[in-house]
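Notes for the one structure printed next.
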Amino acid sequence: MAFFIALVYICKMQLHFSFIIPVYNRPNEIEELLESFVKLETNTNYEIVIIEDGSNITSKVIVEKYNSQLNISYFYKENSGPGDSRNYGMQKAKGNYFIILDSDCILPNHYLKAVEDGLEKKYVDCFGGPDAAHQSFSNLQKAINFSMTAFITTGGIRGNAKSVDKFQPRSFNMGLSQKGFMATNGFGNIHPGEDPDLSIRLWELGYKTKLISEAFVYHKRRISWSKFYNQVRKFGLVRPILNIWHPRTKKVTYWFPTIFCLALIFSIILFLFSINLPLYMFCGYYLLAFIMALYKTKHPLIAFQALVAITIQFFGYGIAFLKSTVYLTILNRKPEQQFPELFFKTK
């Protein structure tokens, strides 16, 4: 036992972190993210690998500004999507443990220490962390963050600390060992959905995943209402594809947003015929959501906007999930042919 503990400790000491950050036309986001790296409270050496994914507005000048303060490698490539760009970055990286971030994230000061502590307690080849709303975010961003992370909605982190081997990390804040990357060949060409697909393939090869709840990031989610709708709609389209690729991961809970939408529509119809109870139950749900959002954000307007975000989330995801299920499982359409916008072509 003592030998095993010592071996784990040595392995931990030999971890060399490479942050992998693809970016597309977002130099301002990169500047905010790099500034948060400067403020990290850590003595650990790490590198930052930025992959410019065919941007017209590049981040090169911003990166050069921070070259004297941070160990940064910068690569420009043709546009091929975030998954392929992450793979490209991991191939170029010098570390043996990759931390993958979206460009619209900001790191809290303790981030890297939280990652190290989490891997020291229980090493896994893939981890994920949650996201939070920074105080500087707009009201809309805070409202959408609530919708995407609250337990009462379809959002939030997938899995929990107790189900270590079934947590599905998301690529806006995800760790992956070099060993895991080489075994899986990294991300596929679907987007979104490339991150749960990778997690599932890791499980099938015997690798473990887990949540490190303290390793959160401030996720800006660069979105308007229309962009938010399009984002959750794509999530809904993708899930049936993943169910086909990995049938053992199917869950009835994936149907909940669709059931919610149909039930709400039906309850409104019943209300027109003076059958009020179903619609009152939905009003109770929205009231509970408003109270929770108000408690979290301390802002009535944000709490109200959170109700709008929840409705968009349910209907965007739920209707798209139903549509995708019908096309793929009933009409037997091929995912790449039916939904070509979800797949990047890689060379």
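Readers should treat all values here as calculations from the given coordinates under stated rules, not as data from a laboratory. Keep in mind that this is a model prediction, so the values were computed, not measured. All Cβ positions, even for glycine, are placed from backbone atoms using ideal geometry, and neighbour counts span all protein chains on display.
A few points about this structure:
- Global geometry of region 262-332, whether rounded, prolate or oblate, following the gyration tensor of its Cα atoms and the 1.5 cut on a/c: oblate
- Amide hydrogen neighbours beyond the local backbone of residue 131, cut-off 5 Å, H modeled: 217
- Pair residue 251, residue 311: separation of 7 Å Cα→Cβ label points (nm): 2.7 nm
- Approximate spin-label separation residue 226-residue 276, in nm, with each point projected 7 Å along Cα-to-Cβ: 3.9 nm
- Whole-angstrom gap from region 294-339 to region 185-236, using each part's C-alpha centre: 15 Å
- Placing +1 on the Cβ of every Lys and Arg and -1 on the Cβ of every Asp and Glu, with nothing else charged, gives the chain a dipole about its Cα centre of roughly 780 debye.
- Listed residues 305, 70, 242: farthest to the positive end of the dipole of the chain (Cβ charges): 242
- Near residue 100, the amide H atoms lying under 5 Å from its own belong to 20, 174, 175, 176; only residues 5 or more places off or on other chains count, and H is placed 1.01 Å from N.
- Using θ = phi - 60° and Karplus 6.51 cos²θ - 1.76 cosθ + 1.60, couplings along region 89-106 (whole Hz; Gly, Pro as x): x, 5, 5, 8, 5, 9, x, 10, 9, 9, 10, 9, 10, 7, 5, 8, 9, 10
- Formal net charge of residues neighbouring residue 302 (Cβ-Cβ distance under 12 Å; K, R +1; D, E -1): +3
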